[in-house]
């Protein structure tokens, strides 16, 4: 078996607090990664962690996110998949990254989630709907709902996940920095 990783994220902010209240859950953002250390993590979210209004498909950088949100909490989950599924997911992520400026955050879709009505505008996704659709296209069903209605809560409640880490992003980055120092790699500073 192979694995992919889901990062559930809790960041501070006005928009995040609204989503948190609506979902009634701590984690309000989700990213997909090819490794447990989140070095290859992708999501439909802020193009720059410091600028909340510009969002689309991006490769996430946990160190930049830590600089923007020093109190962020993460939960990293592992999902089993076949090698074929993982390779297909990886190829799609790489292709979408090359075309990332064609993908946008589905702001218009947010009210439809509250109304429980599927809504899809081509190449527009929420963080959850992008990953739900990608996984579904590769035979991994997170929820029986239409992909446009999937929220971070569905990933949190997904029974076939294994939690590898839950805690402060700063702790995750510190562990990574210690590992990098042992390997004499350059560290990242804000």
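Annotations
Residues checked against (1) closer than 10 Å to residue 147 by Cα; (2) touching a helix residue (DSSP H, G or I) at 6+ places or on another chain (Cβ under 6 Å); (3) free of Cβ contacts under 8 Å to residues at least 40 places away in the same chain:
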site: 95; (1), (2), (3): no, no, yes
site: 115; (1), (2), (3): no, no, yes
site: 119; (1), (2), (3): yes, yes, yes
site: 122; (1), (2), (3): no, no, yes
site: 130; (1), (2), (3): yes, no, no
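- Complete set of residues in the stretch 100-119 that are more than 18 Å from the chain's Cα centre (by Cα) and surrounded by fewer than 16 Cβ atoms within 10 Å (Cβ to Cβ): 102, 108, 111, 114, 115, 116, 117, 118
- Taken over the stretch 122-155, the criterion of being under 15 Å from residue 19 (Cβ atoms) and part of a loop (DSSP other than H, G, I, E, B) is satisfied by 126, 150, 151.
- Taken as a whole, the structure leaves residue 92 outside the set of residues that are surrounded by fewer than 19 Cβ atoms within 10 Å (Cβ to Cβ), at pLDDT 95 or above and part of a loop (DSSP other than H, G, I, E, B).
The values are calculated or read from the model by the stated rules, or taken from the named source; none is laboratory data. Computed from a predicted structure; not experimentally measured. Note that we place each Cβ from the backbone using ideal geometry, even for glycine, and neighbour counts take in every protein chain shown.
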